[in-house]
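Data first, discussion second: the structure below is written as structure tokens.
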Amino acid sequence: MSVLEWVAVTAAVVSLLAWYLSYSAARLDRLHAKVEGALSALDAALVRRAEAALEVANSGAVDPATGFLVAAAASQSLERTTERTFETDLLEGQHFAGREGVESELTETLGAALGPEVVAQVQADGGAGAAALQRLHAAALRVQLARRFHNDAVKEVQRVRSKRVVRWFRLAGHAELPQTVEFDDALAAR
């Protein structure tokens, strides 16, 4: 092979490698954006669930003590928000900020306060309480789906970032490795 052929082959290999690295970096960036979007959707679903729990607590469908417990847990959930780290980098990402305990506590409170007999009684009475309970159930289902979607996106990012080429060429830059969100989100009896 002549020198010109070697140069052409080398240029083709370098161009192909550059394209592959660029494609991989862009894909990883899209996956990180998907994780952030999924975390925002999870945050919104958690807010809707807490608001629906407050609506059930204030509807008069449950006894005052139970309503107070549900309202306290829902208010605590609403006070917690997903944090964004603005002080270092606007694009660094969101963090669930230890909300797992608060959200699990709300789920446990809802499960204890809205047992099968209470749910049956509220549905039998109908009215605003039954409608609020239905909205709460729908919001709890959305929380389950949003958490599952977020965790699937995180696992995909973790899988891609575990590849050697991503690590060797540092295609993820300085982005934190996203973590799954684990808390009790079991649906209350319906």
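The values are calculated or read from the model by the stated rules, or taken from the named source; none is laboratory data. For clarity, every value in this text was computed on a predicted model and none was experimentally measured. Cβ atoms come from the backbone with ideal geometry, glycine included; neighbour counts cover every protein chain shown. Side chains included, ligands, DNA and RNA excluded: accessible areas come from the protein's heavy atoms. Shrake-Rupley method; radii C 1.70, N 1.55, O 1.52, S 1.80 Å.
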Relative to the first principal axis of the alpha-carbon coordinates of the chain, what is the inclination of helix 127-161, with its axis defined by its Cα atoms, in degrees from 0 to 90 and to the nearest 10?
20
The FRET efficiency for residue 16 and residue 105, from their Cβ-Cβ distance with R0 = 41 Å and rounded to 0.05, is 0.15
In whole angstrom, how far apart do the alpha carbon centroids of the range 132-153 and the range 1-61 sit?
22
What's the angle, to the nearest 10 degrees (0 to 90), between helix 116-125's Cα axis and the longest principal axis of the chain?
70
Could you sort 105-112, 158-165 so that the peptide with the highest average Cβ count within 10 Å comes first and the rest follow in order?
105-112, 158-165
Heavy-atom accessible area per residue of the chain, all protein chains kept, 1.4 Å probe, expressed in Å², is 58
Summing Lys, Arg as +1 and Asp, Glu as -1, what charge do residues with Cβ under 12 Å from the Cβ of residue 149 carry, residue 149 excluded?
+3
Just grab the label-to-label distance for residue 3 and residue 124, each label 7 Å out from Cα along the Cβ direction, in nm (one decimal).
9.6
At R0 = 25 Å, how high is the FRET efficiency between residue 63 and residue 141 if r is their beta carbon distance? Nearest 0.05 is fine.
0.50
Could you pull out every residue, at least 5 positions away or on a different chain, whose amide H is within less than 5 Å of the one on residue 62? Hs are placed 1.01 Å off N in the peptide plane, and Pro or chain starts have none.
none
³J(HN,Hα) computed for each position of the range 38-50 - Karplus, 6.51 cos²θ - 1.76 cosθ + 1.60, integer Hz, glycine/proline x:
5, 5, 5, 5, 5, 4, 5, 5, 5, 5, 4, 5, 5
Convex hull volume per residue in cubic angstrom - Cα atoms of the chain:
127
In degrees rounded to 10, the 0-90 angle between helix 100-113 Cα long axis and the longest Cα principal axis of the chain is 30
